[in-house]
Amino acid sequence: MKQMEQMYEGKAKKVYRTEDKDYVIVSYKDDATAFNGLKKGTILGKGEINNLMSNHLFQYLEKNGIKTHFEKEINSRNTLVKAVEIVPLEVIVRNIAAGSFSKRLGVEEGTVFENPTVEFSYKNDNLGDPLINDDFALALKLATREEIKEIKSMALKINELLKAYFIECNIKLVDFKLEFGRFHNQIILADEISPDTCRLWDKYTNEKLDKDRFRRDMGNVEGAYAEVRKRLGF
Ligand code: TMP
């Protein structure tokens, strides 16, 4: 499908219109930001890895009954996806304490939960993506009660599928962020699943193989992304 004018440029991706209003092309960049854009940098090769990894995982999820926006990989950085209306929620699933959970609640990083948690942030850069609950999401009219129920149920199913997949590659899925969209009255998985949006730890050493290496200035950021690519084999 023909790529037309740019519709939007985000922190990590650009979105282009196509001749069909139901489809857009996403183009992944090497730009990296953290802390709501305060920290800026480049992770060489990240755009390619995040694009290929998201497509690989979205196809795995589709095979297992999860509806996603994935349509067709165009090349290593660009993918044709369904044009959804994004639900302005960042849906975070956690299996192990880390990041903002550990900081806010005083729980040591690495503490394993008996059950996964699902939380929502309001996707709003001006407010710094604040943590909200279901009632807030309803009050703000971000989604309907039925949509919230569907999003939570899909997020937990996706967690089970991804956890099982990653552990086969000797990676622990610590936590991750999902975004959902509306497409012809259906909620489907959108955005990306990549080392930018997941915490991925080596099964044996807990070595961090994700964007925390950039956020926390740990070095070997490119190496970690390349290692995930090698282990997943995409
Ligand atoms: P957090 O512990 O900082 O709340 O992050 C939880 C997960 O969400 C982690 O895997 C990183 C991911 N994440 C994003 O994808 N985008 C964001 O803007 C933030 C803050 C976190």
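The values are calculated or read from the model by the stated rules, or taken from the named source; none is laboratory data. The model shown is predicted, which means the values in this text are computed figures rather than measured ones. All Cβ positions, even for glycine, are placed from backbone atoms using ideal geometry, and neighbour counts span all protein chains on display. Keep in mind that these areas ignore ligands, DNA and RNA; they rest on the heavy atoms of the full protein, side chains included. Shrake-Rupley method; radii C 1.70, N 1.55, O 1.52, S 1.80 Å.
Between ASP125, ASP134, which is acidic (Asp, Glu) and within 12 Å of the ligand (Cβ to nearest atom)? It would help to see each step written out before you state the result.
On the way: ASP134 fails: within 12 Å of the ligand (Cβ to nearest atom).
From the options ASP125, ASP134, the qualifying one is ASP125.
Taking LEU162 as meeting all but one of (1) under 16 Å from the mean Cα position of the chain (by Cα); (2) loosely packed, with under 14 Cβ neighbours inside 10 Å, write down the number of the exception.
Single failed check for LEU162: (2).
Name the residues in the stretch 30-53 that are in contact (Cβ under 8 Å) with a residue 40 or more places away in the chain, over 15 Å from the mean Cα position of the chain (by Cα) and under 23 Å from ASP125 (Cβ atoms), would you?
PHE35, ASN36, GLY37, LYS39, GLY41, ILE43
Tell me whether the stretch 46-63 contains one or more residues that are at positive phi and either assigned to a loop (DSSP other than H, G, I, E, B) or charged (D, E, K, R) (or both). Don't jump to the end; show me each part of the working.
Here is the first cut: in the stretch 46-63, the residues at positive phi are none.
Checking the stretch 46-63: not a single residue is at positive phi and either assigned to a loop (DSSP other than H, G, I, E, B) or charged (D, E, K, R) (or both).
Could you check the stretch 71-92 and list, in sequence order, the residues that are in contact with a Lys or Arg (Cβ under 8 Å, 6 or more places away or on another chain) and open to solvent by less than 70 Å² (accessible area, probe 1.4 Å)?
Once the filter is applied, which keeps residues that are in contact with a Lys or Arg (Cβ under 8 Å, 6 or more places away or on another chain) and open to solvent by less than 70 Å² (accessible area, probe 1.4 Å), the stretch 71-92 yields THR79, LEU80, ALA83, VAL84, ILE86, VAL87, PRO88, LEU89, GLU90, VAL91, ILE92.
Mind checking whether some residue in the stretch 98-111 is open to solvent by less than 50 Å² (accessible area, probe 1.4 Å) and under 16 Å from GLU179 (Cβ atoms)? Let's see the steps before the verdict.
Let us first name the residues in the stretch 98-111 that are open to solvent by less than 50 Å² (accessible area, probe 1.4 Å), namely 98-99, 101-102, 107, 110.
Then keep just the ones that are under 16 Å from GLU179 (Cβ atoms); that gives none.
Within the stretch 98-111 (the criterion being open to solvent by less than 50 Å² (accessible area, probe 1.4 Å) and under 16 Å from GLU179 (Cβ atoms)), the answer is no, since none of the residues qualifies.
Quick check: anything in the stretch 152-159 under 27 Å from VAL26 (Cβ atoms), within 15 Å of the ligand (Cβ to nearest atom), touching a residue at least 24 places away in the same chain (Cβ under 8 Å) and assigned to a loop (DSSP other than H, G, I, E, B)? Spell out the reasoning first.
Residues of the stretch 152-159 that are under 27 Å from VAL26 (Cβ atoms), as a first pass: 152-159.
Checking which are within 15 Å of the ligand (Cβ to nearest atom) leaves us with 155, 158-159.
Narrowing further to those that are touching a residue at least 24 places away in the same chain (Cβ under 8 Å): 155, 158-159.
Subsequent filtering for residues that are assigned to a loop (DSSP other than H, G, I, E, B) retains none.
Scanning the stretch 152-159 turns up no residue that is under 27 Å from VAL26 (Cβ atoms), within 15 Å of the ligand (Cβ to nearest atom), touching a residue at least 24 places away in the same chain (Cβ under 8 Å) and assigned to a loop (DSSP other than H, G, I, E, B).
Just to be sure I understand the filter: pairs with C-beta atoms under 9 Å, separated by 6 or more residues or on different chains, first member in the stretch 192-215 and among the small types (Gly, Ala, Ser), second member near the ligand (Cβ under 8 Å from one of its atoms) and open to solvent by less than 30 Å² (accessible area, probe 1.4 Å). Which pairs pass?
SER194/ASP210; SER194/LYS211
Read through the list (1) touching a helix residue (DSSP H, G or I) at 6+ places or on another chain (Cβ under 8 Å); (2) farther than 21 Å from LYS230 by Cβ; (3) of a type in the set (S, T, N, Q), then give the number of the only condition that THR33 fails.
Of (1) touching a helix residue (DSSP H, G or I) at 6+ places or on another chain (Cβ under 8 Å); (2) farther than 21 Å from LYS230 by Cβ; (3) of a type in the set (S, T, N, Q), only one is false for THR33: (1).
Within the stretch 192-224, restricting attention to residues that are within 14 Å of the ligand (Cβ to nearest atom) and part of a helix (DSSP H, G or I), which residue is most open to solvent (accessible area, probe 1.4 Å)? Working first, answer last.
Filtering the stretch 192-224 for residues within 14 Å of the ligand (Cβ to nearest atom) gives 192-201, 208-216, 224.
Imposing the further condition that a residue be part of a helix (DSSP H, G or I) reduces the set to 212-215, 224.
Values: ASP212: 2, ARG213: 29, PHE214: 23, ARG215: 62, ALA224: 3 Å².
Result: ARG215.
Which residue pairs have Cβ atoms closer than 6 Å, lie 6 or more positions apart in sequence or on different chains, and pair a first residue in the stretch 79-108 that is near the ligand (Cβ under 8 Å from one of its atoms) and assigned to a helix (DSSP H, G or I) with a second residue that is open to solvent by 10 Å² or more (accessible area, probe 1.4 Å) and modelled with pLDDT of 95 or more?
The qualifying pairs are SER102/GLU109.
Show the residue pairs meeting these rules: Cβ distance below 8 Å; 6+ apart or different chains; first residue within the stretch 112-136 and at positive phi; second residue part of a loop (DSSP other than H, G, I, E, B).
Filtered contacts from the stretch 112-136: GLY128/ASN36; ASP129/ASN36; ASP129/LYS123.
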